[in-house]
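Notes to accompany the following structure.
Derivation of every value follows stated rules applied to the coordinates shown; laboratory data play no part. Values in this document were obtained by computation on a predicted structure and should not be read as measured data. Note that each Cβ is placed from the backbone with ideal geometry, even for glycine, and that neighbours are counted across all protein chains shown.
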Amino acid sequence: MMQLNQFADTQALNAVFANRLTDILQQAIQERGAAYLVVSGGKTPQALFTALSQTQLAWDKVTVLLADDRWLDDSQPDSNERLVKATLLQHNASAARFISLYANTSTAFDGAPQVLERVKNLPTFDAVILGMGEDGHTASLFPCSEQIKQGLAADAPAVLAVAPTTAPYQRISLSAARLLNSRQLFLHLVGANKLAVLDKAMAGDDVYAMPIRAFLQHPVATVTVMYTAN
Ligand SMILES: O=C(O)[C@H](O)[C@@H](O)[C@H](O)[C@H](O)COP(=O)(O)O
């Protein structure tokens, strides 16, 4: 299921979204003593991360990880880890624990087992923030990749290596099954072109053609879409 929330601009969206995430994490800490937040890389979330980094929260009880990363070390400009460290894990949020999806191996396929060790025993996430590409990919579950069946399988491991054919870099991605194991799922979209992709995703049902459908059309999970045109 999908619930669409539209905002006047990114500032309004980020203010509401940062508050909502803070409330969710706060409640998790109260109930369980710890909170787990999964974020996406790419361009869309950067201002949200800056807003979130300044919120009042027991950040030392929060674990942050990425939904996916490019197989690059964090000195590289296109590393999502680099982005998260530079924007989210600053100010108050610098106290959070971060779990890296990168290992120093030449390929993501060689490194995936090491990353799986770090992720496989994590509990249900409290919030997952997904992004979406214009081809309908989310995290690094790319429709063009040979690994897409594995990434969307109900019994997939928590983490898999992906080689996109229409986007740069090998990737490491949480599987759809692992991402869906969250109390809250958000999809963060900025730009009318992303709304058009969302409409297309809702209008068909081939999950391998548009992997975001595995979330938007999941029989049980609700995806809260946080959208603004600009
Ligand atoms: O590593 C990544 O690139 C992502 O996590 C990816 O899934 C992203 O969320 C979408 O591609 C949207 O990217 P933009 O926000 O840059 O449009």
TODO: Would you mind calculating the relative contact order of the chain from Cα pairs under 8 angstrom and at least 6 residues apart, reporting the percent as a whole number?
DONE: 25 percent
Open item on the list: For segment 2-228, give me the percentage of DSSP beta bridges that are antiparallel, rounded to the nearest 5 percent.
Closed with: 25 percent
Task: Separation in nanometres of the label points that stand 7 Å from Cα toward Cβ, at GLN150 and ASN104 - done: 2.5 nm
Task: Förster-model FRET efficiency, 22 Å R0, ASN5 and ALA192, C-beta, rounded to 0.05 - done: 0.90
- [ ] Search the structure for amide H atoms under 5 Å from the amide H of ALA67, placed 1.01 Å from N in the peptide plane, and list their residues when 5 or more places away or on another chain.
- [x] VAL39, SER40, GLY41
Open item on the list: How high is the relative contact order of segment 104-174? Use alpha-carbon pairs under 8 Å, at least six apart in sequence, and give a whole percent.
Closed with: 33 percent
Task: Equivalent ellipsoid dimensions for segment 1-41 as semi-axes, Å, which come from the Cα gyration tensor, largest first - done: 23, 12, 11
TODO: Mind putting a number on the dipole of the chain about its Cα centre? Charges go on the C-beta only, +1 for Lys and Arg and -1 for Asp and Glu, and I need it in Debye to the nearest 20.
DONE: 320 debye
- [ ] Name the residue farthest towards the positive end of the dipole of segment 2-228 from the options LEU48, LEU160, HIS218, assuming +1 on Cβ of Lys and Arg, -1 on Cβ of Asp and Glu, about the Cα centre.
- [x] LEU48
TODO: Please give the contour-minus-distance gain from LEU122 to ALA58: 0.36 nm per residue of separation, less the Cα-Cα distance, rounded to one decimal in nm.
DONE: 21.1 nm
Open item on the list: Given the -39500 (n - 2.57) contribution per DSSP H run of 4+ residues, what per-residue ellipticity at 222 nm results for the chain, rounded to the nearest 500 deg cm²/dmol?
Closed with: -9500 deg cm²/dmol
Task: Filtered GluC sites (Glu not before Pro), segment 88-174: DSSP coil and at most 14 other beta carbons within 10 Å - done: GLU134, GLU146
Open item on the list: Can you give the FRET efficiency to the nearest 0.05 for GLU134 and GLN114, using r as the Cβ-Cβ distance and R₀ = 30 Å?
Closed with: 0.45
Task: Inter-label distance, nm, simple model (7 Å from Cα along the C-beta direction), HIS218/ALA203 - done: 2.5 nm
Open item on the list: Could you identify which residue out of VAL119, VAL84, VAL159 has the top mean-square fluctuation in a GNM of the chain using Cα springs shorter than 10 Å?
Closed with: VAL119
- [ ] Send over the Kirkwood Rh of the chain, from the inverse of the averaged 1/r over different Cα pairs, rounded to one decimal Å.
- [x] 17.5 Å
Task: Reach of LYS200 by Cα under 30 Å, taken over lysines that are not fewer than 8 positions away in the same chain - done: LYS43, LYS149
